[in-house]
Amino acid sequence: MSADLPDAPDAETFLRAIALAETTPTLFDRAFEATPQYVPWPKAYGGDAVAQSLAAAWRTVGADRVAHSAHSTFLRPVEVLEPVRYEVELTRDGRGYSTRYVRGIQRDRLVFASTVSFQVPEHGPRHAPAAHAGGSPDRLPTTAQAVAAHDDDAARYWGHGRSFDHRHVEGDLYGTHTRDSSDAQNVWLRAFSRLPDDPVLHRLAIAYVCDYSILEPSLRALGATWRTPGLQTASLDHAIWFHADARADDWLLYAQQSAGVQSGRALNLGRFFTGEGALVATVAQEGMVRLPDRDQPCTTRPERQDVS
């Protein structure tokens, strides 16, 4: 399946992921189909569903409204390259806010659910936390450089198959060891190629890319990487709040921290900042994280569900 990777880094994987086709609804008021994109693991990337459901909900509101939050639950693993139908309930339209309830259905099975809220933008007092010190992304290795020592489908996908360059300030987790075992990290992100100017698309891009690395602070705290033998991960639930517009083809700093790991579940928090330090979005995600008993020999092949 590695043939599904682009020949050169670009943003086409993301653009294909959010391409919607309206179809006949069977449950609610409107329905759209979208296709989860290739990953080198059995189940699809969770950011596909987050962005696709948000895009479907956005197609049903007036042009005066923008998405300010989405709260989602991953109910079942999603098959790669198999269309998902997103049924949208027009739950409420008020003077200042609209609410949409979205259900993702694949092969007649409910796989994803999300509640999305939209707002007519308004003026008011402002406050935001200060950006973390992330240094300069230009001095950090590209994702392709970070995985250059590995020659497998995972490395090729990480290197140029995700539509976005990921540059880790504290060092990446693509190898077998990490040089930093704190419970926080900072990642610079930018689309590989120029995106259209539509602000809606750039919010969709942030929703799409936010799932790739959000579990990593908890992996660091546990001394694990994506190549730890026996590691199993899956997204469980997800929330994102948008605070301001920003271009996803300019550098964004994604500051992340683990909020705790217990009972095979890891909760992580993240904030997106522009290169100038303006707060763009906040993310909270809980994921399943299972590691083998470190005191026992492990022969289990690493598994991933929707986290890539």
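The values are calculated or read from the model by the stated rules, or taken from the named source; none is laboratory data. This one's a predicted model, so the numbers in the text were calculated from it and none came from an experiment. Note that each Cβ is placed from the backbone with ideal geometry, even for glycine, and that neighbours are counted across all protein chains shown.
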**Prompt:** Of the numbered conditions (1) without any contact (Cβ under 8 Å) to a residue 40 or more places away in the chain; (2) exposed (fewer than 15 other Cβ atoms within 10 Å of the Cβ), T99 satisfies every one except a single condition; which is it?
**Reply:** (2)
**Request:** Take the stretch 168-190 and flag every residue that is assigned to a loop (DSSP other than H, G, I, E, B), under 18 Å from L253 (Cα atoms) and among the β-branched types (V, I, T).
**Result:** V169
**Item:** Output for the stretch 106-153, where each listed residue is among the aliphatic types (A, V, I, L, M), surrounded by 12 or more Cβ atoms within 10 Å (Cβ to Cβ) and in contact (Cβ under 8 Å) with a residue 24 or more places away in the chain
**Value:** L110, V111, A113, V116, V120, A128, A131, L140, A144, A146, V147
**Message:** What's the number of the only condition in (1) touching an Asp or Glu at 6+ places or on another chain (Cβ under 7 Å); (2) modelled with pLDDT under 95 that I105 fails to meet?
**Reply:** (2)
**Asked** All but one of (1) of a type outside the set (S, T, N, Q); (2) closer than 19 Å to F272 by Cα; (3) surrounded by fewer than 21 Cβ atoms within 10 Å (Cβ to Cβ) hold for R156; which doesn't?
**Response** (2)
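For the stretch 130-143, how many residues meet the condition of being in a helix (DSSP H, G or I) and out of contact with any Phe, Trp or Tyr (no Cβ under 8 Å at 6 or more places or on another chain)? Quick ask: steps written out before the conclusion?
If we filter the stretch 130-143 for residues that are in a helix (DSSP H, G or I), which is where we start, we get 137-139, 143.
Pick out the ones that are also out of contact with any Phe, Trp or Tyr (no Cβ under 8 Å at 6 or more places or on another chain) and you get 138-139.
Number satisfying all stated conditions: 2.
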**Item:** The listed residue being surrounded by 15 or more Cβ atoms within 10 Å (Cβ to Cβ) and within 15 Å of the chain's Cα centre (by Cα), out of L173, L201, L195
**Value:** L201
**Prompt:** Looking only at residues in the stretch 144-167 that are in a loop (DSSP other than H, G, I, E, B), among the charged types (D, E, K, R) and farther than 27 Å from T282 by Cα, which one is modelled with the highest pLDDT?
**Reply:** D152
